[in-house]
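Colleague: Encoded as structure tokens, here's the structure I'll be asking about.
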Amino acid sequence: MKKILFTAALAALMLSSCGGGGGTDMGSDYYISEAEKRVPAVQHEIFGEVPTLATRYYEALSMLDSVSKVERDNISATANNDNYEEVAKKLEELKAGEEAVESELSQHYKAKINEAAKTVIGKEIPVKAEPSVYSAAKMVVAGVKADDHGGVDILANASLTAATKLKTLGSHYTQLSWKWLDASGNELGPGMMNLDKAFNAGDEVKLDSISLSARDKAPQISSIVFSDK
């Protein structure tokens, strides 16, 4: 894999902040290894390895960004009227090296996350719904989406059966509300979706691609509750 050459001062910084290793020749393998040390593997009851991998992905990119920032500052600090072109060239080389490692990290983690997603797609997320509002409710993991910059979202689809006429905004806009819960029943945050349709008792309500952060929210989630509020 391509490597970024870092200064001795930067290597010393990484040795102190990461607990050793790295040296002056740190490529994507280094950041992957350090991310694994910093983020222990946890198997989530619903989302499997996805939250762990998402957190490691973010951690690896954050470390790369921090290291590169220090190096940019070190290079920029040497600039004067006589060496502008030389400094500019070094900064361009650093940027190219950083982008190469970032691309390798992206490829590595996206492949890992896509593989882990295969074991969780289709899994049910426990649903709690007010019986006076919904007579039936089901939610399943529909997919996992990872971008090139450390963002990972878990997508879920829900199917609800209205037990009564649902409240509308105006003549026909229906606002569906939910709250994510942890294992102790504590609320982790609300969500809502507006549908351009009115629903009567017995109607099926489908919510597609409800998104939640695999790193920030998913690790604590145990269930979801739907209400008419």
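What follows is calculated from the coordinates using simple rules that are stated; it is not laboratory data. Not measured: the values here are computed from a predicted model.
Colleague: Residue by residue through region 109-121, which ³J(HN,Hα) values in whole Hz follow from phi under the Karplus form 6.51 cos²θ - 1.76 cosθ + 1.60 (θ = phi - 60°), with glycine and proline marked x?
Modeller: 6, 5, 5, 5, 5, 4, 5, 5, 4, 4, 8, 10, 4
Colleague: Long-range amide H contacts for Gly189: which residues qualify at under 5 Å (H placed 1.01 Å from N, peptide plane, sequence gap of 5 or more or a different chain)?
Modeller: The answer is Trp180.
Colleague: Rounded to the nearest 5, what % of the DSSP beta bridges within the chain are antiparallel ones?
Modeller: 95 percent
Colleague: If amide hydrogens are placed 1.01 Å from N in the peptide plane, which non-local residues have theirs closer than 5 Å to the one on Lys123?
Modeller: Val141
Colleague: Here's another thing I want to ask about it. At 4 °C and 1.567 mPa s, grab the translational diffusion coefficient of region 98-229 from Stokes-Einstein with a Kirkwood Rh over Cα pairs, rounded to a whole number in µm² per second.
Modeller: 80 µm²/s
Colleague: Can you tell me which lysines have their Cα less than 30 Å from the Cα of Lys197? Leave out same-chain residues fewer than eight positions away.
Modeller: Candidates past the 8-residue exclusion: Lys123, Lys128, Lys138, Lys145, Lys165, Lys167, Lys179, Lys206, Lys217, Lys229.
Colleague: Taking amide H positions as placed in the peptide plane 1.01 Å from N, state which residues far from Arg215 in sequence (5 or more) or on other chains have amide H under 5 Å from it.
Modeller: The list, which skips near neighbours in sequence, is Val152.
Colleague: Would you kindly derive the ³J(HN,Hα) couplings of region 140-156 from the backbone phi angles with the Karplus curve 6.51 cos²θ - 1.76 cosθ + 1.60 (θ = phi - 60°), listing them in order in whole Hz, with x for Gly and Pro?
Modeller: With the stated coefficients, region 140-156 comes to 10, 5, 9, x, 9, 10, 10, 9, 7, 10, x, x, 9, 10, 9, 10, 9 Hz.
Colleague: Treating cross-link reach as a plain straight distance, find the lysines whose alpha-carbon is under 24 Å from the alpha-carbon of Lys90, omitting any fewer than eight places away in the same chain.
Modeller: Lys2, Lys3, Lys69
Colleague: Pop out the ³J(HN,Hα) list for region 171-176 in order, Karplus 6.51 cos²θ - 1.76 cosθ + 1.60 with θ = phi - 60°, rounded to Hz; leave Gly and Pro as x.
Modeller: 8, 8, 7, 10, 9, 9
Colleague: Relative to the present Cα-Cα distance, how much length would full extension add between Lys37 and Leu195 at 0.36 nm per residue of separation?
Modeller: 52.4 nm
Colleague: When the Cα atoms of the chain are enclosed in a convex hull and the volume is divided per residue, what value in Å³ results?
Modeller: Enclosed volume per residue, from the Cα hull, is 153 Å³.
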